[in-house]
Structures are given as C-alpha cells and as structure tokens.
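Scroll down for the structure; my scribbles are underneath it.
The values are calculated or read from the model by the stated rules, or taken from the named source; none is laboratory data. Just so you know, these numbers come straight off a predicted model, no measurement behind them. No Cβ is skipped: glycine too gets one built from the backbone with ideal geometry, and neighbour counts run over all protein chains shown. Please note that ligands, DNA and RNA were not included when accessible areas were found on the heavy atoms of the full protein model with its side chains. Shrake-Rupley method; radii C 1.70, N 1.55, O 1.52, S 1.80 Å.
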Amino acid sequence: MLRGALTTPTRTDDAAGVLVIGSVVTLLAWTVTPVWLVASLAFPPLFAAAPLILAPVLVARGYFVRVVAGGIADGNADGAPSFVEWGRLYRDGLKSLLLSVVLLLPLVALAALGVAAGAVVELGRVDPEPVVEGAADVAVGDTEATTALLGLVGGLVGVLSVGYLAAFVYVRPAALSLFADSGRLRDGLHPGRLLSVLTSGDYAVGWTLAMVTLLTGYALAAPFVPLLVGITVVFATRIVAHALYGHGASTAAEASTAAEASTAAEASDSAGASDAPGSTVSSDGGGATGRHRRRFDEAPPDVQTGRSVPFQNVIEPEYTAGGPPDEETTAESDAAAESDAAAESDATAFEWGPAVKDATE
C-alpha cells in the first residue's frame with residue numbers, strides 16, 4: 001500500500017504538469033486567501049469575491065477528492081490524475097468543504113455552549129460557591145469561586161474540543177472517501193457506511209501511514225517553503241496521503257456500495273421498476289460508483305494536457321465476414337461512387353440557359 005502510494009505523484013504521464021499546477025494552486029491558496037480574509041474584515045463588501053478568491057482552495061480540495069476516488073477504484077494504477085475538468089474540481093472541492101463544515105458543527109456547538117456557560121457565571125446568574133466548594137471541599141469567596149468555576153468550564157470545554165478534533169482527524173478521511181467513491185455528499189455522512197469504514201483494519205492502517213507521511217513530508221518541506229520547492233513537496237505529500245486514504249477505505253467502501261446496490265436491485269425487482277413506464281437509465285453507466293464513470297462532456301485528459309491523441313479513439317471501418325476488400329474491389333467501389341456523385345451533380349445542376357452563341361444564331 002505504502003510503496004504504491006509513494007509513487008503516485010511520479011507514476012502519471014503528466015507528472016511535471018501535475019506538480020507545477022498543484023504547487024501554483026497551493027501557493028495561491030496560502031497567500032491570496034489570507035490576505036483577502038484580512039482585507040474583508042476591514043472592508044466587508046470584499047466578501048462578495050469569495051467564489052473567485054476561494055477558487056484555488058476549492059480546486060485543490062476537488063483534486064484530492066479525485067485522488068481518493070482513484071485510490072478506491074484501482075489503487076491509483078495510472079498515478080496521480082491530471083488537472084482536467086476544472087469545473088468539476090471546483091464543485092467537488094466545495095462539497096468537500098461543506099463535508100468538513102458539517103462534521104465540525106458539533107465542535108462549534110460545544111464552543112458556543114462553553115461561551116454561554118461562562119457568560120452566565122460572569123453575569124452572576126449562577127452562584128458559583130456551592131459548585132466550587134463541593135468540588136474542592138474548601139471555603140472560597142465569591143470572586144475566587146467565580147474565577148475557579150470559569151476555569152473549570154474552560155478546561156472542560158478545552159478537553160472535549162481536543163478530543164473531538166482528534167476524532168475529526170480520523171473520521172473526516174473516511175467520510176471523504178465515501179463521498180469520493182459515490183460522488184454524493186450524503187454518503188459521506190451516512191452513519192452506517194461511515195462506521196463500516198472507520199472499523200475497517202485496512203482503513204486504520206492506511207490512515208496511520210497517511211499521518212506518518214504527512215508529518216514526515218511537512219517536516220522535510222518546512223525549511224524549503226520560502227524557496228517554493230517546499231510547496232511542491234507539500235503538495236506531493238498530500239497526494240500520497242490522500243492516495244493512502246483511498247487505498248485504506250477501498251475494501252469497506254466497495255463492500256458498502258455493493259450491499260447498497262444489491263438492496264436497490266432487490267427493491268427494483270420486487271416493485272417491477274425496470275418495466276415501469278418512464279424509468280430511465282443513466283447515459284454514463286449508472287450505478288452507485290458514479291465517480292469512476294467516463295464522462296463525454298469534455299475532451300480526454302490526453303488531449304487537454306497536450307500529450308497525445310490516442311489512436312484507439314479512431315473509428316475503424318466495419319467489414320463484412322469476408323474481411324477487408326481487395327484493391328480491385330476498392331477501385332470498383334470508388335469508381336461507382338464517383339459515377340453516382342457525377343450523376344447526382346448533373347441532376348441537381350443549375351440550368352444557365354442556352355449558350356450566347358446559340359442565342360445569337
């Protein structure tokens with residue numbers, strides 16, 4: 001698993017282009033976005049530029065979603081994907097950001113609860129002395145009791161927050177893997193499917209290797225970030241980490257997808273949905289694993305990246321059972337086609353009328 005993931009950034013045919021574009025996108029995310037946030041706090045109308053300013057962040061997130069999907073589909077057999085279908089990268093990055101926001105909502109609620117409890121104590125709406133004296137078994141004054149209770153509340157909220165963040169670091173890659181596998185945001189938040197990935201041994205191994213890779217890569221890249229080389233190392237490290245997420249979650253994600261597809265098929269058979277009028281079949285393959293279906297709304301990655309146009313895309317002529325025609329048959333066919341074309345041209349030609357010589361005689 002680790003060896004295959006480590007070679008993911010360089011095993012692609014477009015390795016140089018991927019690393020260059022990824023480094024530029026990462027640099028823009030690190031520089032433009034913070035400056036925009038600070039400027040927006042001073043001048044709020046700048047928040048309206050969020051869809052444009054956040055584009056590097058969202059594109060990078062969408063790209064890593066694609067890396068995870070490749071790890072689940074075939075273990076990133078072709079290496080890191082190319083930067084194509086930028087609109088889809090943007091949309092997937094936005095969904096990835098929403099996934100993180102939803103998973104962090106309990107932490108926000110916990111922080112808000114801690115602030116509210118502190119405000120109630122500070123305003124004197126609750127008598128802190130009985131609570132503090134019961135906990136410390138000593139007599140304290142009103143001021144000391146208030147300070148002690150605020151410290152107790154703050155410490156409790158801090159411990160719970162750290163614990164939740166630790167759980168978030170382990171849960172989010174699993175949720176991201178489920179979303180990357182199906183392309184549906186709700187699958188990343190499905191409790192049953194999420195639990196099946198989180199309890200998988202393969203995912204635990206992949207996640208552990210990803211954490212070690214991230215810590216090692218970031219430590220090596222930190223001194224070289226001012227030289228911009230470190231940014232490339234950071235981007236390549238994140239590719240490896242997300243490939244490991246996909247590798248680790250692949251077994252559980254595919255088993256969950258297969259179970260869901262089987263359940264859906266049984267329900268369809270029992271209801272006779274396949275014969276019902278108005279039933280449709282997806283034009284790009286159908287099925288739950290929509291992330292891995294070939295899309296035809298854009299040129300192939302080889303064409304978009306300027307590498308080559310694969311010859312297998314050329315439509316070959318269809319012959320009869322006798323095989324390709326010989327040269328004599330081909331010549332006769334060409335002559336017949338030319339004759340038919342000439343006859344059709346004569347039949348549809350525009351009549352200019354009699355020649356000038358004939359008209360004067």
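Here is how the numbers come out for the structure above:
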item	result
Filtered residues of region 165-202 (kept if of a type in the set (Phe, Trp, Tyr) and in contact with a Phe, Trp or Tyr (Cβ under 8 Å, 6 or more places away or on another chain))	TYR170
Scan of region 60-109 for residues that are of a type in the set (Asp, Glu) and farther than 18 Å from PRO173 by Cβ, ordered by number	ASP74, ASP78, GLU85
Residues being open to solvent by 70 Å² or more (accessible area, probe 1.4 Å), β-branched (Val, Ile, Thr) and closer than 16 Å to VAL65 by Cβ - total across region 182-218	0
Scope region 25-60; condition in contact (Cβ under 8 Å) with a residue 24 or more places away in the chain and of a type in the set (A, V, I, L, M); matching residues	VAL25, LEU27, LEU28, ALA29, VAL32, ALA55, VAL57, LEU58, VAL59, ALA60
Subset of region 4-22 (residues that are surrounded by fewer than 18 Cβ atoms within 10 Å (Cβ to Cβ) and of a type in the set (Gly, Ala, Ser))	GLY4, ALA15, ALA16, GLY17
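Quick grid of which residues meet (1) assigned to a helix (DSSP H, G or I); (2) open to solvent by 60 Å² or more (accessible area, probe 1.4 Å); (3) more than 27 Å from ALA249 (Cβ to Cβ); (4) small (Gly, Ala, Ser):
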| site | (1), (2), (3), (4) |
| --- | --- |
| THR33 | yes, no, yes, no |
| VAL59 | yes, no, no, no |
| ILE72 | yes, no, no, no |
| PHE83 | no, no, no, no |
